[in-house]
Amino acid sequence: MSTRLETLQRLMNLYAAVEQMHSTELQRLTTAVREAQQAIAVEQCAAQVARIDGRKALTEGDRVGWMMSETQQETAGWRRQKLEEVRVGREELSDAAREQYVASRLKKEQMKRVFEEMEARAQMEEGRRVQSSSDDLFLSRRRWTDAKEKTEEREEMKAS
């Protein structure tokens, strides 16, 4: 039974390692999504700054400055759009990693329960074995003393 427990222990450790690997992957992908969101926010700020610069250029009559700000706004918008596509892709990967992590966690918990049940059974069987051995020892002593008493009684009867 102990070899089964050792095998289950190794298997449980393997499931724990897989869960840890999936957890690390999920963290990595969650960080990638967060980075994409931050990059989008940076592009939104750049577009806003370009709009403010464009209004300022218009009020000052600076046509070249206004055209530059329009170009900067368009560029920021284009980059933001591409970053949105990247973010969506990363979120899909993150969602898949989350599902994989949850599945591996469930498997690890199931394996842990199986191990604990097997360990409890092994302890119970060991307890029964010890009790049985103790009972056998008690019964053999009892038989020995009963046999000894009968022998002594016969010897006393013969002697009388």
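The values are calculated or read from the model by the stated rules, or taken from the named source; none is laboratory data. Keep in mind it's a predicted model, so treat the numbers as computed, not measured. For neighbour counting, all protein chains shown are included, and Cβ atoms are generated from backbone atoms with ideal geometry for every residue, glycine included. Each accessible area value is taken on the protein alone, full model and side chains, heavy atoms only, with ligands, DNA and RNA left out. Shrake-Rupley method; radii C 1.70, N 1.55, O 1.52, S 1.80 Å.
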In sequence order, calculated HN-Hα J values of the range 29-36 (Karplus, 6.51, -1.76, 1.60; Hz; x Gly/Pro): 6, 5, 5, 5, 5, 4, 5, 5
Contact order relative to length of the range 3-124, as percent, for alpha carbon pairs under 8 angstrom and 6 or more apart: 44
Test item: Cα-centred dipole of the chain, Lys/Arg +1 and Asp/Glu -1 on Cβ, debye: 60
In Hz, Karplus ³J(HN,Hα) per residue of the range 131-145 (6.51, -1.76, 1.60; θ = phi - 60°; x = Gly, Pro): 5, 4, 4, 5, 4, 4, 4, 4, 5, 5, 5, 4, 5, 4, 5
Listed residues 144, 78, 66, most fluctuating in the chain (Gaussian network, C-alpha, under 10 Å): 144
Gaussian network model of the chain, springs between alpha carbon atoms under 10 Å - residue of 135, 146, 62 with greatest fluctuation: 146
Per-residue HN-Hα couplings for the range 69-76 [Karplus 6.51, -1.76, 1.60; θ = phi - 60°; Hz; x = Gly/Pro]: 5, 4, 5, 5, 5, 5, 5, 5
Estimated inter-spin distance, residue 27 and residue 51, nm [label 7 Å along Cα→Cβ]: 3.9
Projected-area mean, the range 1-139, by convex hull of Cα positions, square nanometres: 10.9
Choice from 12, 67, 21 showing the highest fluctuation, given a GNM over the chain with Cα pairs closer than 10 Å: 67
Accessible carbon and sulfur surface of the range 88-160 relative to its total accessible area, %, 1.4 Å: 50
Solvent exposure ordering (accessible area, 1.4 Å, most first) of 139, 8: 139, 8
Solvent-accessible area per residue, Å², over the chain with all protein chains present [probe radius 1.4 Å]: 77
Dipole axis of the range 3-124 (+1 Lys, Arg; -1 Asp, Glu on Cβ), positive-most option in 100, 123, 37: 123
